[in-house]
Amino acid sequence: MNWIFLIIGGLFEAAFAFSLEKISCSTGKESILWFLSFLVSVSISMFLLFKAISGENGIEIGTAYAVWGGIGAVFTVLAGIFLLGESVNFLRIFFLITLILSIIGLNLVSK
């Protein structure tokens with residue numbers, strides 16, 4: 001269950017990063033709504049990270065934080081590419097794949 005908390009928390013990390021980008025390109029009421037989206041996303045993300053490391057079977061903090069951040073980074077890059085039209089090139093995809101492989105590796109070697 002802790003890994004599920006961590007994965008969902010990582011997705012909310014991507015959501016709060018995406019919200020920050022949208023805040024920077026909006027004004028007025030739309031900007032306020034994106035700011036509220038940021039606050040909700042960051043709160044949920046941090047709470048789920050906390051839940052993932054808590055308890056008797058909690059994930060080690062070093063592994064949990066790296067995986068949480070990695071999941072957030074991967075999905076933030078993908079959101080940038082698919083939703084914001086950011087650039088795609090070989091090296092960007094190569095390093096994204098190495099990040100995913102590192103996340104999988106940390107999962108395999110953690111307790």
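The values are calculated or read from the model by the stated rules, or taken from the named source; none is laboratory data. Note that the structure is predicted; figures quoted are calculated from it, not measured. Positions of Cβ are generated from backbone atoms using ideal geometry, with glycine treated the same way; all protein chains shown enter the neighbour counts.
Summary of values
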| quantity | calculated |
| --- | --- |
| Number of positions in the stretch 21-47 that are of a type in the set (A, V, I, L, M) and either in contact with a helix residue (DSSP H, G or I) (Cβ under 6 Å, 6 or more places away or on another chain) or buried (at least 16 other Cβ atoms within 10 Å of the Cβ) (or both) | 3 |
| The stretch 49-59, residues that are at pLDDT 90 or above and of a type outside the set (A, V, I, L, M, F, W, C) | Lys51, Ser54, Gly58 |
| Of all residues in the stretch 52-68 being in contact (Cβ under 8 Å) with a residue 12 or more places away in the chain and either of a type in the set (A, V, I, L, M, F, W, C) or touching a Gly at 6+ places or on another chain (Cβ under 8 Å) (or both), the one that is nearest to Met1 (Cα to Cα) | Ala52 |
| Cβ-Cβ under 6 Å pairs, at least 6 apart or on other chains, the stretch 19-48 side closer than 18 Å to Ile71 by Cβ, far side modelled with pLDDT of 95 or more and among the β-branched types (Val, Ile, Thr) | Leu48/Ile8 |
| Given (1) part of a helix (DSSP H, G or I); (2) out of contact with any helix residue (DSSP H, G or I) (no Cβ under 7 Å at 6 or more places or on another chain); (3) of a type in the set (D, E, K, R), index of the condition Glu13 fails | (2) |
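A quick yes/no check of all residues on (1) crowded, with 18+ Cβ neighbours inside 10 Å; (2) in a helix (DSSP H, G or I):
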{"residue": "Ala66", "(1), (2)": "no, yes"}
{"residue": "Gly70", "(1), (2)": "yes, yes"}
{"residue": "Ala73", "(1), (2)": "yes, yes"}
{"residue": "Ala79", "(1), (2)": "no, yes"}
{"residue": "Leu83", "(1), (2)": "no, yes"}
{"residue": "Glu86", "(1), (2)": "no, no"}
{"residue": "Phe95", "(1), (2)": "no, yes"}
{"residue": "Ser102", "(1), (2)": "no, yes"}
{"residue": "Gly105", "(1), (2)": "no, yes"}
